[in-house]
Amino acid sequence: MSILIDGKAHAARLREEIGRQVGRLRQHDLITPGLAVILVGEDPASQVYVRNKATQAREAGMSSFEYRLADSVPQIQLLDLIERLNCDPEVHGILVQLPLPPQVDEARVIQAICPAKDIDGFHPINVGNIATGGYGMVPCTPLGCLTLLKFQLGDLSGKRAVVLGRSNIVGKPMASLLLKEHCTVTVAHSRTRQLEEVCRQADILVAAVGRPCLVKEDWIKPGATVIDVGINRIEADGRTRLVGDVDFEGARKVAGALTPVPGGVGPMTIACLLLNTLEATCRQHD
Ligand code: GUN
């Protein structure tokens, strides 16, 4: 049986530490970190994520500014709002929840966010800085995964890591971060040949493809550390259930350590968003 990596507990400890640092900033420097979250449309999953982000920011002592725009919002209106937030000294971090409706050009929106306030780490300047080994805001989900991996394994140097998925939000930045930690990194995806065999090579397997229970027991090298980023809603026995990209029951027979869904990577993502907001605040007041 593998060790369960308790992301919920790690995230709670991280949020407590962030809360202490926010308290000090407010008391000694009279600065309150401010997080602005923009949600376009009514997607139920996005509404839950955005609500959780805002609630946890307030619980950590930050100011939270929420903007809900109609699904039909013209792109120019969204860009105008971002420009206002870029100039607002009370806002230190800006997050536009993705995905966006088709009339809005996602790349254009991301590029409109001031890189210093881009706490998602999606702006090309931050992506480029991370990829070239410099300082940049690190996307929250990969940062959460890396934090759990380092806690579990310590030094990652020389380990074989397979990242399953090549999204801009998780797969690609995860690969950059693991490379920076001196792993030997393979990015696998839907067109990868002999996918199972590639996964079986991994000392570290990060699954981020959005396919429920894709990774089976026999895809995993015995003793490997498995990080499951997937959050998939499935109907089972007349109920909606959350499952990851990894077949949990199978995987826990072979993996050395494994993150559950829910309670693994998800809570770490939001904690890392707060960490990025705190860091952005400190840098803006440096
Ligand atoms: N949609 C799914 N994950 C994310 C994320 O990490 N940030 C943003 N802005 N949108 C998302």
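Rounded to the nearest 20 Debye, what is the dipole magnitude of the chain about its Cα centre when Lys and Arg each give +1 and Asp and Glu each give -1 at the C-beta?
540
Could you name the lysines in cross-link range of residue 216, using Cα to Cα under 25 Å and dropping any fewer than eight places away on the same chain?
Correct list for residue 216: 8, 150, 159, 172, 253.
Got a sec to turn the phi values of region 181-188 into Karplus ³J(HN,Hα) couplings, 6.51 cos²θ - 1.76 cosθ + 1.60 with θ = phi - 60°, whole Hz, x for Gly and Pro?
8, 6, 7, 8, 10, 10, 9, 9
Okay, helix-only estimate at 222 nm for the chain: each DSSP H run of n ≥ 4 adds -39500 (n - 2.57), divide by all residues, round to 500 deg cm²/dmol; what do you get?
Helix-only estimate at 222 nm: -13500 deg cm²/dmol.
Viscosity 1.306 mPa s, temperature 10 °C: Stokes-Einstein D of the chain from its Kirkwood Cα radius, in µm² per second?
Translational diffusion coefficient: 81 µm²/s.
Could you give the angle, 0 to 90 degrees to the nearest 10, between helix 75-87's Cα long axis and the longest principal axis of the Cα atoms of the chain?
70
Indicate the gyration tensor shape class of region 30-115 (rounded, prolate or oblate), computed on the Cα atoms with a ≥ b ≥ c the square roots of the eigenvalues: a/c under 1.5 is rounded; otherwise a/b larger than b/c is prolate and the rest oblate.
It comes out oblate by the Cα gyration axes.
With the Cα gyration tensor of region 95-239 giving a ≥ b ≥ c as the square roots of its eigenvalues, does the rule (a/c under 1.5 for rounded; else a/b larger than b/c for prolate; else oblate) give rounded, prolate or oblate? Write down the numbers at each step before the final one.
Values: a/c = 2.03, a/b = 1.25, b/c = 1.62.
Oblate.
For residue 112, what is the net charge nearby, where nearby means another residue's Cβ is under 12 Å from its Cβ and Lys, Arg count +1, Asp, Glu -1?
Combined, the nearby Lys, Arg, Asp and Glu give -2.
With a 10 Å cut-off between alpha carbons and a GNM built on the chain, which of 70, 207, 54 moves the most?
Largest GNM mean-square fluctuation: 70.
Can you pull out the trypsin sites (Lys or Arg not before Pro) in region 185-286 whose DSSP state is coil and whose Cβ has at most 16 other Cβ atoms within 10 Å?
For trypsin sites (Lys or Arg not before Pro) across region 185-286 that sit outside H, G, I, E and B with at most 16 neighbouring Cβ atoms in 10 Å, the list reads 191, 193, 216.
Quick one: angle between helix 171-180 and the longest Cα principal axis of the chain, in degrees between 0 and 90, rounded to 10, please.
80
List, in order, the whole-Hz ³J(HN,Hα) value for each residue of region 2-18 obtained from phi through the Karplus relation with A = 6.51, B = -1.76, C = 1.60 and θ = phi - 60°; use x for Gly and Pro.
Values, residue by residue: 7, 6, 8, 8, 8, x, 5, 5, 4, 5, 5, 5, 5, 5, 4, 5, 4 Hz.
Name the longest site-free stretch of the chain, where the excluded sites are GluC sites (Glu not before Pro) in a DSSP loop with no more than 15 other beta-carbon atoms within 10 Å.
Longest gap between qualifying sites, sites excluded: 91-286.
Using a cut-off of 13 Å between beta-carbons, work out the net charge of the residues near residue 1 (Lys and Arg +1, Asp and Glu -1, residue 1 not included).
0
For region 162-240, compute Rh as the Kirkwood radius over C-alpha pairs and then the Stokes-Einstein diffusion coefficient at 37 °C and 0.692 mPa s; write the answer in µm²/s, rounded to an integer.
249
Could you work out which residue, out of 269, 147, 192, moves most in a Gaussian network model of the chain, that is, has the largest mean-square fluctuation with Cα springs under 10 Å?
Of 269, 147, 192, the most mobile in the Gaussian network model is 192.
For residue 167, enumerate residues with amide H under 5 Å from its amide H, sequence gap 5+ or separate chain, H modeled in the peptide plane.
Long-range HN contacts for residue 167: 172.
Against the longest principal axis of the chain, how steep is helix 140-153, in degrees 0 to 90 to the nearest 10, with axes from Cα atoms?
Approximately 50 degrees, to the nearest ten.
If you take the square roots of the eigenvalues of the alpha-carbon gyration tensor of region 1-144 and sort them as a ≥ b ≥ c, do you get rounded (a/c under 1.5), prolate (a/b over b/c) or oblate?
Since a/c stays below 1.5, the shape of region 1-144 is classed as rounded.
Do any cysteines in the chain lack another Cys Cβ under 4.7 Å, and if so which?
For the chain, the answer is 87, 114, 145, 183, 199, 213, 282, because their Cβ atoms have no other cysteine Cβ under 4.7 Å.
Each value in this text was obtained by applying a stated rule to the coordinates, not by laboratory testing. Since this is a predicted model, take the numbers as computed values, not measurements. Virtual Cβ from ideal backbone geometry, glycine too; neighbours counted across all protein chains shown.
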